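The block underneath contains the structure these notes are about, expressed in structure tokens.
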Amino acid sequence: MCEGLARLVCFDSVAIRTRVRVGFAALLLAAPSACDRVRAVPQREAADPATASSTPGTASVAPPVPDTARLLADARCRDRIAMLRTGETLPGAPELDAKRAELFARAKADGVVFVEEPIATGLTEEGKLRRQAILGAADPVKALFEAYPSLQRRKDLARQVLLTDGYLYAAAPGFAAALSALVRPEDLFLDREIWIERGTERIHAVRGSVEGAPAYVYDAGPLAKTRVKLFLFDRVTNDPKTLERPLHRDLAALQATLGFAEARVTALAADSLAAELRYGPTWVPTLLGSTGTSLSLRCEIVPDGKDREVAAARALARRRDAALERLRSVIDQEVEEALPFDEPKTEIGQQDGKLRQHWNWAYRYGRTQFEFNEDRYHVFDWRGRPRVPQVCIDFVTDTFERAGGSWFRGLGEPRERTQGRVSFTALGIENERSVEQFIGFAKAHPEWFDVVELPDEVRVPYAKRDAFFADLTRNRERYQPGDVVTIYGLRADGKMHHHSFIVYAADPQTGMPSLVAANAGRPRVRPFEGEMQSAPLRSIRARIRPLVPWLEFVTSGGGGGTGAPPSASVTAARPATI
């Protein structure tokens, strides 16, 4: 069965989702000049051996006509990239880049690239001493936690110690994870309003309260009046004029536009950036322009013969991201609803998973409460929404089914579950609340899922932290947003347990899976490490990837309940097993 209550910090998944929205604009087709464009795919047909002449000395196929405009565009783009690399470049943040993959797996960080590393300046003597006491300690994470209570009482000092040139910044993964989990804007400021720069987004927050405690809340938009939480690499200030010279560029927003999987930055300047962007297996040299925090495509050089491959990778990324947007919106809703983990308040032995059965009975028969082991539980929350208990695999299957339009109706409506595009019960899983059975079901349907099971000899438990993150970094392509990951091993109670979660987001530069979503106490979105550390003897057992046609079918809305898209289109889109 899945794991019980966890005590880790969670954060606002809706705020995360605004940073990973799909944005494949007309940029993919626009052509302002021969160089500053994304080229349309040339229609180059291979020679057909059946039409070749058998006469000796006779040319079998006419040579292809060179695409002069393309050659000129490539040459100009190559020259511009070379000029950038040999010109006045900026240093970037090499210490961060060296550990970036692990950092994104451990901290809730924003997908930006730095043209210069933030440096602490303008510190008072006290600020220098307190900052050095933490960063220079034998264990900086322990020193941070010990110093934090006193820093909370001195907002001016807290800003000097915890922010670097206005950024919540760290390059060491362990310290970055602690900093991002610990620091809250209300511990840094007493001002009526503050501004947070997150990538290209600028958040205006006002001082208020949440559950009776002081907090900064969103001033407007879909998150209005809800608590603002900080991400690593956010820039925070009480004066928006200080945001005029950003040191970061928004790589996540660019990825949403272009659809690349990873980026290798090769040169940085104040107004431009050279990089190699990966589409499928192909790396494409690219020149990007930068205006403030924004990046835009100036030109690119698609290797000869790779046009269709790159275009196909972009198209597939566009389709997957559109479906994932729906999936993430459901996850955000589950987080906001705070659906309870299916673990009784009072247990007799191991009774995880029992509450949902009793909830179903109470829901079906018109009750608003039910009892289990003499404890009372509510069928609906205070807003009349179904308060459905979940174990970890319930969170996974509920998310897909809700994305397809199937969920329980609220208080005051008919007591029924709406029919959506997929029902795992109807699809015939013997026990849909078993992680192991879900893996078996996915393996039995290769037309819908791509499954990778890790043999025992290659699995690395989280307790071997360095080895675990090294293995995750090496195999990061194995885990992409939308994938279901299962882990297995000994838990604190001395028994073997499964746990499952969904990959929510990945770092746009390294491709490292960064944020995951699960119910381990309540639904939450947090760093990959957050789902591992409560049971360090567990290791990754399997990865289940919904194939794009199935994911599109499920998230397209409407009724049906079969979960069966056309098999041919699924097979054609299936990636190679890693």
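The values are calculated or read from the model by the stated rules, or taken from the named source; none is laboratory data. None of these values were measured; they are calculated from a predicted model. Please note: Cβ atoms are built from the backbone with ideal geometry, for glycine as well, and neighbour counts cover all protein chains shown. What goes into the accessible areas is simple: the full protein's heavy atoms, side chains included, and nothing from ligands, DNA or RNA. Shrake-Rupley method; radii C 1.70, N 1.55, O 1.52, S 1.80 Å.
Among the residues of segment 432-455, what is the count of those that are under 30 Å from GLN351 (Cβ atoms) and outside any loop (DSSP other than H, G, I, E, B)?
10
Kindly establish whether ALA178 is closer than 21 Å to ASP110 by Cα, under 20 Å from the mean Cα position of the chain (by Cα) and either not small (Gly, Ala, Ser) or not in a loop (DSSP other than H, G, I, E, B) (or both).
yes
So, ARG298, is that one open to solvent by 30 Å² or more (accessible area, probe 1.4 Å), over 21 Å from the mean Cα position of the chain (by Cα) and within 30 Å of VAL265 (Cα to Cα) or not? If you could, list the steps in order and put the result at the bottom.
Working: open to solvent by 30 Å² or more (accessible area, probe 1.4 Å): yes; over 21 Å from the mean Cα position of the chain (by Cα): yes; within 30 Å of VAL265 (Cα to Cα): yes.
Spelling it out, ARG298 is indeed open to solvent by 30 Å² or more (accessible area, probe 1.4 Å), over 21 Å from the mean Cα position of the chain (by Cα) and within 30 Å of VAL265 (Cα to Cα).
Taking segment 100-113, which residues are open to solvent by 10 Å² or more (accessible area, probe 1.4 Å) and more than 14 Å from PHE468 (Cα to Cα)?
The answer is LYS108, ALA109.
Checking the conditions here, which among ASP165, ASP187 is out of contact with any His (no Cβ under 9 Å at 6 or more places or on another chain) and open to solvent by 70 Å² or more (accessible area, probe 1.4 Å)? Spell out how you get there, then give the answer.
On the way: ASP187 fails: open to solvent by 70 Å² or more (accessible area, probe 1.4 Å).
Result of the check over ASP165, ASP187: ASP165.
Condition first: within 20 Å of the chain's Cα centre (by Cα) and at pLDDT below 95. Now tell me which residues in segment 533-550 satisfy that.
Correct list: GLN533 only.
Give the number of residues within segment 376-391 that are open to solvent by 50 Å² or more (accessible area, probe 1.4 Å) and in contact with a strand residue (DSSP E or B) (Cβ under 8 Å, 6 or more places away or on another chain).
Final tally of qualifying residues: 3.
Where residues in segment 520-532 are open to solvent by 10 Å² or more (accessible area, probe 1.4 Å) and more than 20 Å from ARG476 (Cα to Cα), which of them is modelled with the highest pLDDT?
Here the answer is ARG522.
Name the residue, out of VAL396, VAL379, that is β-branched (Val, Ile, Thr) and within 26 Å of PHE553 (Cα to Cα).
Working: VAL379 fails: within 26 Å of PHE553 (Cα to Cα).
Answer to the selection: VAL396.
How many residues, within segment 432-458, are basic (Lys, Arg) and either over 26 Å from PRO281 (Cβ atoms) or open to solvent by less than 20 Å² (accessible area, probe 1.4 Å) (or both)?
1
Restricted to segment 123-162, and to residues that are more than 26 Å from PRO240 (Cβ to Cβ) and of a type in the set (D, E, K, R), which residue is surrounded by the fewest Cβ atoms within 10 Å (Cβ to Cβ)?
Here is the first cut: in segment 123-162, the ones more than 26 Å from PRO240 (Cβ to Cβ) are 125-126, 128-130, 132-150, 153.
Within this subset, residues satisfying the condition of being of a type in the set (D, E, K, R) are 125-126, 128, 130, 139, 142, 146, 153.
Working: GLU125: 7, GLU126: 13, LYS128: 13, ARG130: 21, ASP139: 12, LYS142: 12, GLU146: 13, ARG153: 9.
Per the criteria, the residue is GLU125.
Just one of ALA269, ALA313 is aliphatic (A, V, I, L, M) and free of Cβ contacts under 8 Å to residues at least 60 places away in the same chain; which is it?
Sole residue among the options that is aliphatic (A, V, I, L, M) and free of Cβ contacts under 8 Å to residues at least 60 places away in the same chain: ALA313.
What residue, of GLU276, GLU336, is touching a residue at least 24 places away in the same chain (Cβ under 8 Å) and surrounded by fewer than 21 Cβ atoms within 10 Å (Cβ to Cβ)? Lay out the reasoning, then the answer.
On the way: GLU276 fails: touching a residue at least 24 places away in the same chain (Cβ under 8 Å).
Matching residue, one of GLU276, GLU336: GLU336.
Could you list all residues from segment 356-375 that are open to solvent by less than 50 Å² (accessible area, probe 1.4 Å), within 22 Å of GLU413 (Cα to Cα) and either of a type in the set (Asp, Glu) or not in a strand (DSSP E or B) (or both)?
Result: ARG356, TRP359, ASN360, ALA362, TYR363, GLY366.
Within segment 191-202, can you find the residues that are open to solvent by 10 Å² or more (accessible area, probe 1.4 Å) and β-branched (Val, Ile, Thr)?
The one that is open to solvent by 10 Å² or more (accessible area, probe 1.4 Å) and β-branched (Val, Ile, Thr): THR200.
I need every pair where a residue in segment 401-421 that is touching a residue at least 40 places away in the same chain (Cβ under 8 Å) and closer than 11 Å to TYR363 by Cβ has its Cβ under 7 Å from the Cβ of a residue that is open to solvent by less than 30 Å² (accessible area, probe 1.4 Å) and of a type in the set (Phe, Trp, Tyr), sequence separation at least 6 or different chains.
Taking only residues 6 or more apart or on different chains, the pairs are PHE408/TYR363; LEU411/PHE380; ARG415/TYR363.
Tally up the residues in segment 335-362 that are within 30 Å of LEU223 (Cβ to Cβ) and of a type in the set (Phe, Trp, Tyr), please.
Of the residues in segment 335-362, 2 are within 30 Å of LEU223 (Cβ to Cβ) and of a type in the set (Phe, Trp, Tyr).
For ILE429, state whether it is assigned to a loop (DSSP other than H, G, I, E, B) and either open to solvent by less than 20 Å² (accessible area, probe 1.4 Å) or under 22 Å from GLU325 (Cβ atoms) (or both). Before you say what the answer is, go through the steps one by one.
Numbers: assigned to a loop (DSSP other than H, G, I, E, B): yes; either open to solvent by less than 20 Å² (accessible area, probe 1.4 Å) or under 22 Å from GLU325 (Cβ atoms) (or both): yes.
Yes: the conditions hold for ILE429.
Residues are listed down the side, and each one gets a yes or a no for (1) without any contact (Cβ under 8 Å) to a residue 60 or more places away in the chain; (2) touching a Cys at 6+ places or on another chain (Cβ under 9 Å); (3) charged (D, E, K, R); (4) open to solvent by less than 30 Å² (accessible area, probe 1.4 Å):
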residue: VAL485; (1), (2), (3), (4): yes, no, no, yes
residue: TYR488; (1), (2), (3), (4): yes, no, no, no
residue: ARG491; (1), (2), (3), (4): no, no, yes, no
residue: TYR504; (1), (2), (3), (4): no, no, no, yes
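Do we find a residue being of a type in the set (A, V, I, L, M, F, W, C), in contact with a helix residue (DSSP H, G or I) (Cβ under 6 Å, 6 or more places away or on another chain) and either under 30 Å from PHE260 (Cα atoms) or modelled with pLDDT under 95 (or both) anywhere in segment 355-371?
No, every residue in segment 355-371 fails to be of a type in the set (A, V, I, L, M, F, W, C), in contact with a helix residue (DSSP H, G or I) (Cβ under 6 Å, 6 or more places away or on another chain) and either under 30 Å from PHE260 (Cα atoms) or modelled with pLDDT under 95 (or both).
Quick check on my filter: what residues within segment 397-426 are in a loop (DSSP other than H, G, I, E, B) and among the basic types (Lys, Arg)? Break it down stepwise before answering.
Step one: list which residues in segment 397-426 are in a loop (DSSP other than H, G, I, E, B), which gives 404-407, 409-416, 418-426.
Correct list: ARG409, ARG415, ARG421.
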